[in-house]
Amino acid sequence: MEIEKRLRTLADKYSIESNRFSVTRLIEALAKEDIITNAEKISLIDIISTLNKASHGIEYDQRNANWVIENGPKILESLDEKLELRGGRLSAGNSEEKIHWIEKSFDNCEWTTNAEWGECITKHTDLWEKELNRIYQSLLIKLIAPQKTKLVETQINWAKQIDLEKDFLYSFEDLQIKIGREGIFITAMNFMNKRTNIRIRRSSN
């Protein structure tokens, strides 16, 4: 029940009509939109299968039950992290910043070479783009004119400004010579952070 409640609340956050789906199909829909990872999808389906057998008195593998007991709380914690509303510039009365699950994933990235560092940045930049677009699309569904029109204009101008800054910086042919390969990666990471720092805090609530 706790898992299903969180899954349906998570779907509602991203304007997915959860009442159209069974729990299993809802898990698949969330995974298709990259709201939960493929690993989380597999774990959730396995957990729900075992719990359904137990609740209906059907024989189940005790090893699976032990795995559910051990990992169930971790799955719930992961879903809770995706459900949290995060404060920021537009919050009042609470300046506490909460760490987004993508930020946590990036912080836990293990790399020993510049190539691995670059892969980590690319992976998490893509995750942020998908996350921010999901939030943006969800807001468009919930808003009415004139707020919807203003949101669209804001996002167009915001994206254009980011692109202009990138075009300016990367227009220097000797940029890598000046700042080195690591400097290029730091620049890419800064642009990733700039996107999230501006947009996620305007859109998450």
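Nothing in this text is a laboratory measurement; each read-out follows from the coordinates by a stated rule. As the structure is a computational prediction, the values presented were derived from the model and not from experiment. In this analysis, Cβ positions are derived from the backbone assuming ideal geometry, glycine residues included, and neighbour counts consider all displayed protein chains.
Listed values, structure above:
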read-out	value
Crossing angle, helix 23-32 versus the chain [Cα axis fit, 0-90 degrees, rounded to tens]	20
Set of aspartates and glutamates near residue 41 by C-alpha distance (under 12 Å), chain-local residues within fewer than 8 positions excluded	28, 33
0 to 90° range, to nearest 10: angle between helix 2-13 axis and the chain longest Cα axis	40
Sites residue 4 and residue 66 - FRET efficiency at Förster radius 22 Å, r taken between beta-carbons, to 0.05	0.50
Residue 182-residue 110 pseudo-label distance in nm [points 7 Å out on the Cα-to-Cβ vector]	2.2
FRET efficiency, 1/(1 + (r/R0)^6) with R0 30 Å, evaluated for residue 32 and residue 151 via beta carbons	0.75
Net lengthening on full extension, residue 46/residue 169 (0.36 nm per residue, minus Cα-Cα)	39.5 nm
Burial order of peptide ranges 58-69, 37-48 (average beta-carbon count within 10 Å, highest first)	37-48, 58-69
Tilt relative to the chain, helix 147-170 - C-alpha long axis, 0 to 90 degrees, to 10	60
Farthest positive-ward along the chain dipole, Cα basis, beta-carbon charges - from 175, 117, 127	127
